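The values are calculated or read from the model by the stated rules, or taken from the named source; none is laboratory data. Keep in mind the model is a prediction, meaning the values are calculated, not measured. With ideal geometry, Cβ positions are generated from the backbone for all residues, glycine too; neighbour counts draw on all protein chains shown. Accessible surface areas use protein heavy atoms only, side chains included; no ligands, DNA or RNA. Shrake-Rupley method; radii C 1.70, N 1.55, O 1.52, S 1.80 Å.
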Amino acid sequence: QQLSVKSALEVNNHLSDFTYDNLPIETAFNQTMYAINHPLDVTLTFVSIDEIFQLNNQLRMNPSPTDVISLPHEHCMGDVFICPPFITGFDNINNRIIHLFVHSLLHLAGYLHNTDEQFKKMSQLEINILAQLKIGDPYDK
């Protein structure tokens, strides 16, 4: 199965004290695009707690920090903002970032989890994509 339209990913890092490896991010992006067969042009930006607070307040009217925000645009485009300093309490922060990124990509592609049925469909797709990336089930507690 191949995508009929090419997807694109751009990664930006606004954090001077955070480094990331492009390969797992690109692999997660490509695996997700393959799994959903839905092309997206995405910009992923790593941001500070102050930046995510401002975005959350401005976009969601929620004056608090959060770990991730996905912002869809027209024509299969979107932005994902991930705040690594806000992500704590996980054994592997890199795996958590990949999970948040895959989750956000699914949102940008139109997947929702407002009902139990939607959650089941979306989470199973996430679990399958993450398994391909050798990352365990994030919902298995």
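Structural remarks
- Flag for Pro65 being buried (at least 18 other Cβ atoms within 10 Å of the Cβ) and over 12 Å from the mean Cα position of the chain (by Cα): yes
- Subset tally (residues that are open to solvent by 10 Å² or more (accessible area, probe 1.4 Å), under 11 Å from Ile98 (Cα atoms) and in contact (Cβ under 8 Å) with a residue 24 or more places away in the chain) for the stretch 26-35: 1
- Residue count for the stretch 3-62, restricted to those that are aromatic (Phe, Trp, Tyr) and more than 13 Å from the chain's Cα centre (by Cα): 4
- Search result, residues across the stretch 79-99 that are free of Cβ contacts under 8 Å to residues at least 60 places away in the same chain, part of a helix (DSSP H, G or I) and crowded, with 20+ Cβ neighbours inside 10 Å: Arg96, His99
- The residues of the stretch 36-58 that are open to solvent by 40 Å² or more (accessible area, probe 1.4 Å) and modelled with pLDDT of 95 or more, listed by number, are Asp41, Ile49, Asp50, Glu51, Phe53, Gln54, Asn57, Gln58.
- Selected residue [in a helix (DSSP H, G or I), open to solvent by 60 Å² or more (accessible area, probe 1.4 Å) and either among the basic types (Lys, Arg) or modelled with pLDDT under 95 (or both)] from Lys141, Lys120, Lys134: Lys120
- Single unsatisfied condition, Glu10 versus (1) at pLDDT 95 or above; (2) assigned to a helix (DSSP H, G or I): (2)
- Which listed residue, of His73, His107, His113, His103, is open to solvent by 20 Å² or more (accessible area, probe 1.4 Å), modelled with pLDDT under 95 and in contact with a strand residue (DSSP E or B) (Cβ under 8 Å, 6 or more places away or on another chain): His73
- Flag: Asn56 does not match the condition of being in contact (Cβ under 8 Å) with a residue 12 or more places away in the chain, closer than 20 Å to Pro24 by Cα and polar (S, T, N, Q).
- Per-region count, the stretch 8-25, residues over 18 Å from Asp67 (Cα atoms), open to solvent by less than 90 Å² (accessible area, probe 1.4 Å) and touching a residue at least 60 places away in the same chain (Cβ under 8 Å): 1
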